[in-house]
Amino acid sequence: MCLRLDFLTVREDHMNIHTLTPRKSKPTESSVVLTPQQAVQIAAEMVPRLAARAAESEQLRHVHPDTIAELHGSGLMRLMQPARFGGSELGLDDLMNVVFEIARGCPSTAWVYSNLASHSWNLGQFELQAQEDIWAEDPHALAATGLAFPCGRAVPVEGGYRLTGLWPFGSGVDASSWMLVGAMTERAGGAPERRFFLVPQADFKSLDNWSSYGLTGTGSHDVQIQDAFVPAHRTVSAEVFAAGQNLPGAQLYANPLFSMPTFAAFAYILSSVPVATAKAAVEQFTQGMRARAGTYTGTRVAELASVQARIAEAASCVEFAETVIRRDWQTLEANVRAGEFPSMETKLRWKRNVAFATQLAVRAIDALMPAAGAGGLKLGLPLQRQFRDIHAASAHIALTWDVHAAAYGQSALGLQPQGGLLL
């Protein structure tokens, strides 16, 4: 049985029924705990609505408010949130499967969703007091991130730190009431330390300056913080975050999810969006070409050897990319469950694979565009958006081939990888 609640269809057979108010980004209903199968099914059912809102999300420059409300109401936004606060506490593989569905409808939504949903897992790696600060009054609270450490400066004071900075690319900040930012922290008699800080909405400002060629609907605005006090329990060393096993949340929860090396996993979360988008583009393009005739010749486009070859190339790129990144992130999860943590060499190899998979996604969409002809440029069709979004995603520092190829090559040759990478 299905109930229609304004913009959202909710199935009675796999989740609780809630009353939703359209265009609200912070719902008040009780939590919906999902199984992995339910999460994927819900995401798949959302795809037509996401596709219908994609153009308007680009005009708004952030994910459509109805989509944010639907992600909240369905329980998908709390996919990785600790069960202690009403979340489903599912793993990385489950998140990726949902992202692969959402990207079929709107890559910008997939980008923001993958960030915000995974950040609830990161928040679960902090001290319990920090988690209660965030979720005790609002269990649906979300956090965007600013991970560029040189963009912030923190000074130790009694009870915590004073934090100031300007961070770019706060994807999903419009839907968030917290920011998780990195900053260089002064230390007496030593080099600055990289630390993470959790900051409430009252202490940060979104500058509303995201205007981009691709991932246009992500609302990735710059975020400013000016001399905000952050108590000590809302900070974690970046090195502890990177290692995983010594995080406060790892001591708090039995689920090995909260012991996972954060930076290694984060790259897979990001790479899933361009790869999933390329996969959707290949499927949609192939389906559309089956019946299309050339404008001038009238010849069936499907009969052109050049089109056939481009589809084969694009499909191969996607299959190779998806196979490798799925293998790697599933290995990461399995290792953590077994109490094993990756070496630096393994992390560099995984980062290399993520960046190369992203390059394969770019190659796939680049192979399709010439075969689409002028029709592929139409703003009402998804292909041009997929082309822009995949290229935009590939520019992220975590997915840039030149950066991670060089780091892997340096390690393979016995050299020290360049500093500043999130490893």
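Can you name every one of the helices (runs of 4 or more DSSP H) wholly within the range 325-422 that holds 3 or more residues which are within 30 Å of residue 284 (Cα to Cα) and touching a residue at least 60 places away in the same chain (Cβ under 8 Å)?
Values: elements: 344-372, 382-394, 401-412.
The qualifying helices (runs of 4 or more DSSP H) are 344-372, 382-394.
Here are some residues: 214, 182. Which one is assigned to a loop (DSSP other than H, G, I, E, B) and either in contact with a helix residue (DSSP H, G or I) (Cβ under 7 Å, 6 or more places away or on another chain) or at positive phi (or both)? Show your work before the answer.
Working: 182 fails: assigned to a loop (DSSP other than H, G, I, E, B).
From the options 214, 182, the qualifying one is 214.
Within the range 46-132, considering only helices (runs of 4 or more DSSP H) that don't extend past its boundaries, which have at least 3 residues that are surrounded by 21 or more Cβ atoms within 10 Å (Cβ to Cβ) and under 13 Å from the mean Cα position of the chain (by Cα)? I'd like the intermediate steps shown before the answer.
Values: elements: 65-74, 92-105, 107-123.
The qualifying helices (runs of 4 or more DSSP H) are 92-105, 107-123.
Looking only at residues that are surrounded by fewer than 15 Cβ atoms within 10 Å (Cβ to Cβ) and in a strand (DSSP E or B) in the range 187-200, which one is modelled with the highest pLDDT? Reasoning before the result, please.
If we filter the range 187-200 for residues that are surrounded by fewer than 15 Cβ atoms within 10 Å (Cβ to Cβ), which is where we start, we get 187-192.
Now drop any that are not in a strand (DSSP E or B), which leaves 187, 190-192.
Details: 187: 89, 190: 85, 191: 89, 192: 93.
Here the answer is 192.
Considering only the range 21-34, how many residues are at pLDDT 90 or above and more than 20 Å from the chain's Cα centre (by Cα)? Explain how you work it out, then say what you get.
So the first thing to find is which residues in the range 21-34 are at pLDDT 90 or above, and the list is 32-34.
Retained after the next criterion (residues that are more than 20 Å from the chain's Cα centre (by Cα)): 32-33.
So the answer is 2.
In the range 301-312, is there at least one residue being part of a helix (DSSP H, G or I), closer than 29 Å to residue 349 by Cβ and not basic (Lys, Arg)?
Taking the range 301-312 as the starting set, the residues that turn out to be part of a helix (DSSP H, G or I) are 301-303, 305-312.
Okay, now just the ones that are also closer than 29 Å to residue 349 by Cβ, so 312.
Filter once more, keeping what is not basic (Lys, Arg): 312.
Yes, the conditions are met somewhere in the range 301-312.
Please pick out the residue among 53, 84, 61 that is of a type in the set (Lys, Arg) and within 20 Å of residue 169 (Cβ to Cβ).
Details: 53 fails: within 20 Å of residue 169 (Cβ to Cβ); 84 fails: within 20 Å of residue 169 (Cβ to Cβ).
Within the list 53, 84, 61, the selection yields 61.
So is residue 251 under 27 Å from residue 348 (Cβ atoms), of a type outside the set (Lys, Arg) and either at pLDDT below 95 or crowded, with 21+ Cβ neighbours inside 10 Å (or both) or not?
no
If the Cβ limit is 8 Å and pairs must be 6+ apart or interchain, which residue in the range 136-163 that is in contact (Cβ under 8 Å) with a residue 60 or more places away in the chain pairs with which residue that is in a helix (DSSP H, G or I) and among the polar types (S, T, N, Q)?
If the second residue must be in a helix (DSSP H, G or I) and among the polar types (S, T, N, Q), the pairs left are 142/120; 144/115.
Which ones in the range 316-368 are buried (at least 19 other Cβ atoms within 10 Å of the Cβ) and more than 23 Å from the chain's Cα centre (by Cα)?
367, 368, listed by residue number.
Suppose the filter is modelled with pLDDT under 95 and within 20 Å of the chain's Cα centre (by Cα); does residue 242 pass it?
On the way: modelled with pLDDT under 95: yes; within 20 Å of the chain's Cα centre (by Cα): yes.
Yes; evaluated as a whole, the condition is true for this residue.
Closer than 30 Å to residue 73 by Cα and part of a loop (DSSP other than H, G, I, E, B): does that describe residue 168? So that I can check it myself, show each step before the final result.
On the way: closer than 30 Å to residue 73 by Cα: yes; part of a loop (DSSP other than H, G, I, E, B): no.
Considered against the rule, which asks whether it is closer than 30 Å to residue 73 by Cα and part of a loop (DSSP other than H, G, I, E, B), residue 168 comes out as no.
Please verify whether residue 378 is in the same structural domain as residue 324 (by TED's automatic domain parsing), at pLDDT 90 or above and of a type in the set (Lys, Arg), treating the condition exactly as stated. So that I can check it myself, show each step before the final result.
On the way: in the same structural domain as residue 324 (by TED's automatic domain parsing): yes; at pLDDT 90 or above: no; of a type in the set (Lys, Arg): yes.
Judged against the criteria, residue 378 is not a match.
The values are calculated or read from the model by the stated rules, or taken from the named source; none is laboratory data. Only a predicted model underlies this, so the values are computations on that prediction, with no experimental measurement involved. FYI the Cβ positions are ideal-geometry reconstructions off the backbone, even for glycines, and counts take in every protein chain you see.
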